[in-house]
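Colleague: Let me give you the structure first, and then I'll get to my questions.
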Amino acid sequence: MSDKQKVPVPLAPELVEKAWSARESWRVFGIMAEFVEATERLANVRPAVSIFGSARIPAGHPYYRLTEEIARQLSDAGFSVISGGGPGVMEAANKGAFFGRSLSVGLNIQLPHEQISNQYQDVSQTFRHFFARKVMFVKFASAYVVVPGGFGTMDELMEALTLVQTQKIRRIPIILVQESYWRGLIDWMRDRMISEGMIDAADMDLIKVIDEPRQVVEAIFSHYEKRGFEPSAAEREAQLNL
């Protein structure tokens, strides 16, 4: 029988399991490296605001223009702006900040159908792991601004609310933009989640709904009026346990 006709012999199940276990162990070092590299690159990006929203909207869409204006005003007010680094709202956020006074930061993600990074990034960091990327959005943010979006946007919003509610991170402004888009969700939270005891009525105070770019900036400054933007020693310690 020639080499081309040889049938490969499958590995025994215990060897396959051992190989997977070894890969999982080495993967931990890759995750550690991702956290270390991102933390070092973003260490001086403060104060910053993370902006989330749909990757699907085109340039020129009302949500795109609104996000770009919010990001530009935040940037001119001294905030670095952090987005997911891709198209749609992410691009609008980076673009507004890029042409403002402060840094435009893109936290890009490698996807099976590769995300195309937008061109408006002063600082660009690419992640393989969603959870490492999500920690960075929270770790360096003084506020969250959430523009209309889909599942990914909802994921970031709910995670931020959960982390603040459980005191895993300090209380930061979480601002929903475009009241007409979020109205149904807010009403459902009040009508169902509060009425059935799933959350406390006071938990709704964690959310602000604002439509005007200038009011977004003012709300963030108002939140920090009696304290600095830097986390306290206790808040930094709590954040280590994210």
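The values are calculated or read from the model by the stated rules, or taken from the named source; none is laboratory data. Being a predicted model, the structure only gives us computed values, none of them experimental. Because the Cβ atoms are built from the backbone with ideal geometry, glycine has one as well, and the counts that use them run over all protein chains shown. These accessible areas exclude ligands, DNA and RNA; they are computed on the full protein's heavy atoms, side chains included. Shrake-Rupley method; radii C 1.70, N 1.55, O 1.52, S 1.80 Å.
Colleague: Rounded to the nearest 500, what is the chain's calculated 222 nm mean residue ellipticity when only DSSP H runs of at least 4 contribute -39500 (n - 2.57) each, over all residues? All intermediate terms of the calculation are to be shown ahead of the outcome.
Modeller: Working: 8 runs with 108 residues, N = 242.
Estimated from H runs of four or more residues: -14500 deg cm²/dmol.
Colleague: So, in nm, how far is label residue 183 from label residue 235 when the simple model puts each one 7 Å beyond its Cα toward the Cβ?
Modeller: Going by the 7 Å Cα→Cβ label model, 3.4 nm.
Colleague: Out of every Cα pair in region 187-242, what percent are spaced more than 20 Å from each other?
Modeller: Tail of the P(r) past 20 Å holds 54 percent of the pairs.
Colleague: Work out how much length residue 39 to residue 24 would gain on full extension: take 0.36 nm times their residue separation and subtract the Cα-Cα distance, in nm to one decimal.
Modeller: That works out to 3.1 nm of additional length.
Colleague: Would you please state the base-10 log of I(q)/I(0) at q = 0.19, 0.20, 0.24 1/Å for region 54-157, with intensities from the Debye formula using one equal scatterer on every alpha carbon?
Modeller: For region 54-157 at q = 0.19, 0.20, 0.24 Å⁻¹, log10 I(q)/I(0) is -0.88, -0.99, -1.46.
Colleague: Under 10 Å, Cα contacts only: if you run a Gaussian network model on the chain, which one of 140, 52, 35 comes out with the highest mean-square fluctuation?
Modeller: 35
Colleague: Got a sec? What order do 67, 166 fall in by accessible area at 1.4 Å, biggest, i.e. largest, first?
Modeller: 166, 67
Colleague: For the peptides 88-98, 190-200, what is the packing order when you average, over each peptide's residues, the other Cβ atoms within 10 Å and list the highest mean first?
Modeller: 88-98, 190-200
Colleague: So, one more: With a 1.4 Å probe and all protein chains kept in place, how much accessible area does residue 163 have, in Å² rounded to the nearest 10?
Modeller: In the full protein context, residue 163 sits at about 30 Å².
Colleague: Whole number in Å², please: accessible area per residue of region 79-121, 1.4 Å probe, ligands, DNA and RNA not counted. Intermediate results must be reported in sequence, preceding the final value.
Modeller: Working: 1750 Å² over 43 residues.
The answer is 41 Å² per residue.
Colleague: A follow-up question, please. On average over all directions, what projected area in square nanometres does the chain have, based on the convex hull of its Cα atoms?
Modeller: Working: hull surface 73.5 nm².
Over all viewing directions, the chain projects a mean Cα-hull area of 18.4 nm².
Colleague: Moving on. Would you work out the charge dipole size for the chain about its Cα centre, treating the Cβ of every Lys and Arg as +1 and the Cβ of every Asp and Glu as -1, and quote it to the nearest 20 debye?
Modeller: 480 debye
Colleague: Going by average Cβ neighbours within 10 Å, how do the peptides 55-66, 73-84 rank, with the highest at the top?
Modeller: Final packing ranking: 73-84, 55-66.
Colleague: Residue 168: which aspartates and glutamates have alpha carbons under 18 Å from its alpha carbon, excluding same-chain residues fewer than 8 sequence positions away?
Modeller: Counting by Cα, and skipping residues close in sequence, residue 168 has these aspartates and glutamates nearby: 155, 156, 159, 200, 203, 205, 230, 235, 237.
Colleague: Hey, another quick one. Which order do the peptides 224-230, 156-162 come out in when sorted by mean C-beta neighbours inside 10 angstrom, highest first?
Modeller: Result, highest mean Cβ count within 10 Å first: 156-162, 224-230.
Colleague: At a 1.4 Å probe, what is the % contribution of carbon and sulfur to the accessible area of region 143-216?
Modeller: Reported share for carbon and sulfur atoms: 50 percent.
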